[in-house]
Amino acid sequence: MLSRLKLRSPLPDDVEILYQQQADPAAHQMARFEPRDVITFYQHWHDITHNPEITVLVIEHDNKVIGDLVCWTEEGQRIVGYWLGQEYWGQGFASQALSLFTEQLEHPLHAYVHQANLPSQRVLEKCGFIPCGQFSVDDGIELLFRLD
């Protein structure tokens, strides 16, 4: 089943699907990330997809957009993030997509994940990331992972 997964450049029609995925209450509860309203999301999507310093790829399975991946630099660290629609959780898509993505990027890479988001911690570990730090945030602890 996973062999039909592919990463590709974003297309204009992807934005509505990705907006709906990030607006899912279960998804933002899991990620501990506040959803963006439609206008803010569309502006953010435009900004990141038109910034040559940011790498953005869409995750597609059976010709359906199931999520996205992004890599940016912040305070000298290359950070990766990913988002999948809830209906695609727990099927190995995140691990496969992140692994394919990180193969294309210059290392080291970093990722932040909330301590309560155990599924994302497992995805990062499956892809070779190791915990290397933690930081207090308003609702707990944010963990920092690194991939050399």
Legend entry - Single condition Q77 does not satisfy, out of (1) surrounded by fewer than 16 Cβ atoms within 10 Å (Cβ to Cβ); (2) out of contact with any strand residue (DSSP E or B) (no Cβ under 6 Å at 6 or more places or on another chain); (3) under 21 Å from L98 (Cβ atoms); (4) not β-branched (V, I, T): (2)
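Select from region 18-58 the residues that are of a type in the set (V, I, T) and either without any contact (Cβ under 8 Å) to a residue 24 or more places away in the chain or in contact with a Leu (Cβ under 6 Å, 6 or more places away or on another chain) (or both) and list them in ascending order. Outline the logic, then answer.
Filtering region 18-58 for residues of a type in the set (V, I, T) gives 38-40, 48-49, 54-56, 58.
If the condition is that a residue be of a type in the set (V, I, T) and either without any contact (Cβ under 8 Å) to a residue 24 or more places away in the chain or in contact with a Leu (Cβ under 6 Å, 6 or more places away or on another chain) (or both), then V38, I39, T40, I54 are the ones that fit.
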Legend entry - region 82-135, subset out of contact with any helix residue (DSSP H, G or I) (no Cβ under 9 Å at 6 or more places or on another chain) and in a loop (DSSP other than H, G, I, E, B), residue surrounded by the fewest Cβ atoms within 10 Å (Cβ to Cβ): E106
Inset, instruction - Just give me the residues in region 125-140 being closer than 19 Å to W72 by Cβ and in contact with a Ser or Thr (Cβ under 9 Å, 6 or more places away or on another chain), in sequence order. - result: C127, F129
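Quick note: the coordinates plus some simple rules give every number you see, no bench work behind them. Note that the structure is predicted; figures quoted are calculated from it, not measured. Here the Cβ is made from the backbone with ideal geometry for all residues, glycine too, and neighbour counts use every protein chain on show.
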